[in-house]
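The values are calculated or read from the model by the stated rules, or taken from the named source; none is laboratory data. Worth saying up front: this structure is predicted, and the values here are computed from it rather than measured. Please note: Cβ atoms are built from the backbone with ideal geometry, for glycine as well, and neighbour counts cover all protein chains shown. Just the protein is used for accessible areas: all its heavy atoms, side chains included, with ligands, DNA and RNA removed. Shrake-Rupley method; radii C 1.70, N 1.55, O 1.52, S 1.80 Å.
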Amino acid sequence: MPLTKFERAVPGEATLIANMARIAANLVIKNYCEMKASDASACAMRDQHAKAHGCVDAEFIVRDDLPAEFSTPLFRPGARYPTIVRFSNGQGQPQSDRKPDGRGMSIKLFDVAGESILRGLEPGRTRAGEHDFLLSSFPVFFCKNVVDYSELMEAVAAPSGTSREKFKRLLKWIAFAIRNRRQFATFIRTALVRIGNPLTATYHSMSPYLLGEQHVVRYVVGPVQRQDDVPSWWRLLFGSLSEKFLQEAMLRDLSPTPPGDDIVFDFSVHVRHSAKPEEVENALLQWTRPQDRTVSIGEIRIPRQNFLTPDRVFDGERMMFSPWNCLQQHRPLGSINRMRLAVYLASLQVRRKLNMVGP
């Protein structure tokens, strides 16, 4: 796919992306085999963001007074879209919510006019009328581009079955930390973000996206009614919080009885002023220019509901989210996002084959 005027390919990009797709597929298989050994009913899960706290019905509503320069076929003033939102942990295997981890928010809009980029490339992978946004609980990505991300994933995916393998894996981590100090520090900081409730956290796209033809943006989604319910490290490590306390918080706040107000998130874009290719290709870069601005696009309303029905849980696990399942006016930018196109497809294909649920 041709690059936009805001992008530049990194050296050896195609080879690195192919290797990352292979690693993602192997991680799905590895995690599946490990879970299957202890639980015969286990299913193959995503190579990242495997554990869901909940997959909920919502509505995406664009502002009536959205400025014309930020309007697109998707972001039409007053437009409304049926939506599903999936909240998750970042790891590729389910683990306790008390353990350090990044948290995710995946948004899928329905009844969208126009064909997504992913549907144009892989018609059988997604349905017509969808548009996805993928966000995490840290403002920037923990790697600059696909080069250092490849080095990180080589350490993450390195075998560790024997003492010799564990030692070699440790050396890979040490080498990455020495050569990429800022990336390693951001990787740790991403996992150390504390969240007490997925419905009161703020989420970021981390990597940049096109908005229209001239704007480069990051998405930011945060609660309209902010609450200070972040647990202390003492409570996380030694307190009485359960292994599913994040899901329990969602169950409490979305309980249909007694009736209550919707949970409302503001959906905004952080606009980079005069974006340059070297900035777009650096997903680790924080945007702090005085001319950078944040513009509210609309809101996401989540009504009270029972989101743990068997059908909804099944749909949430089988559902695919991809940053490339979007309209051309919202195209993902940078080598990290170009890599995600191949990695997400590879992970999805292996997961569905192992679970025998279709292509």
Query raised in the report: Of all residues in the stretch 323-359 being at pLDDT below 95 and in a loop (DSSP other than H, G, I, E, B), which is farthest from Met206 (Cα to Cα)?
Result: Met356
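Could you check the stretch 213-225 and list, in sequence order, the residues that are open to solvent by 20 Å² or more (accessible area, probe 1.4 Å) and either over 18 Å from the mean Cα position of the chain (by Cα) or on the phi > 0 side of the Ramachandran plot (or both)? If you could, list the steps in order and put the result at the bottom.
From the stretch 213-225, those open to solvent by 20 Å² or more (accessible area, probe 1.4 Å) are 213-215, 220, 224-225; that's our starting set.
Glu213, Gln214, His215, Val224, Gln225, listed by residue number.
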Report summary line: So, first residue closer than 13 Å to Leu210 by Cα in the stretch 68-80, second residue surrounded by 14 or more Cβ atoms within 10 Å (Cβ to Cβ) and among the polar types (S, T, N, Q), Cβ within less than 6 Å, six or more apart or across chains; the pairs are Thr72/Gln329
Requested in this report: Look at Gln349 and say whether it is more than 25 Å from Gly54 (Cβ to Cβ), of a type in the set (S, T, N, Q) and either surrounded by 17 or more Cβ atoms within 10 Å (Cβ to Cβ) or in contact (Cβ under 8 Å) with a residue 40 or more places away in the chain (or both).
Outcome: yes
Report task. Read through the list (1) closer than 15 Å to Ser322 by Cβ; (2) not in a strand (DSSP E or B), then give the number of the only condition that Leu134 fails. Result -> (2)
Requested in this report: Could you tell me whether any residue of the stretch 128-143 is at pLDDT below 95, more than 26 Å from Thr190 (Cβ to Cβ), touching a Leu at 6+ places or on another chain (Cβ under 8 Å) and surrounded by 15 or more Cβ atoms within 10 Å (Cβ to Cβ)?
Outcome: no
Requested in this report: Show the residue pairs that are 6+ apart or on different chains and have beta-carbon atoms under 6 Å apart, the first residue being within the stretch 174-194 and in contact (Cβ under 8 Å) with a residue 40 or more places away in the chain and within 12 Å of Cys143 (Cβ to Cβ), the second being in a helix (DSSP H, G or I) and of a type in the set (D, E, K, R).
Outcome: Gln183/Asp148
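Every residue, every condition in (1) acidic (Asp, Glu); (2) buried (at least 21 other Cβ atoms within 10 Å of the Cβ); (3) in a loop (DSSP other than H, G, I, E, B), yes or no:
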{"site": "Arg46", "(1), (2), (3)": "no, yes, yes"}
{"site": "Ile61", "(1), (2), (3)": "no, no, no"}
{"site": "Asp65", "(1), (2), (3)": "yes, no, yes"}
{"site": "Ser88", "(1), (2), (3)": "no, yes, no"}
{"site": "Gln95", "(1), (2), (3)": "no, no, yes"}
Report summary line: Picked from the stretch 97-114 (must be touching a residue at least 40 places away in the same chain (Cβ under 8 Å) and over 19 Å from the mean Cα position of the chain (by Cα)), the residue most open to solvent (accessible area, probe 1.4 Å) is Ala113
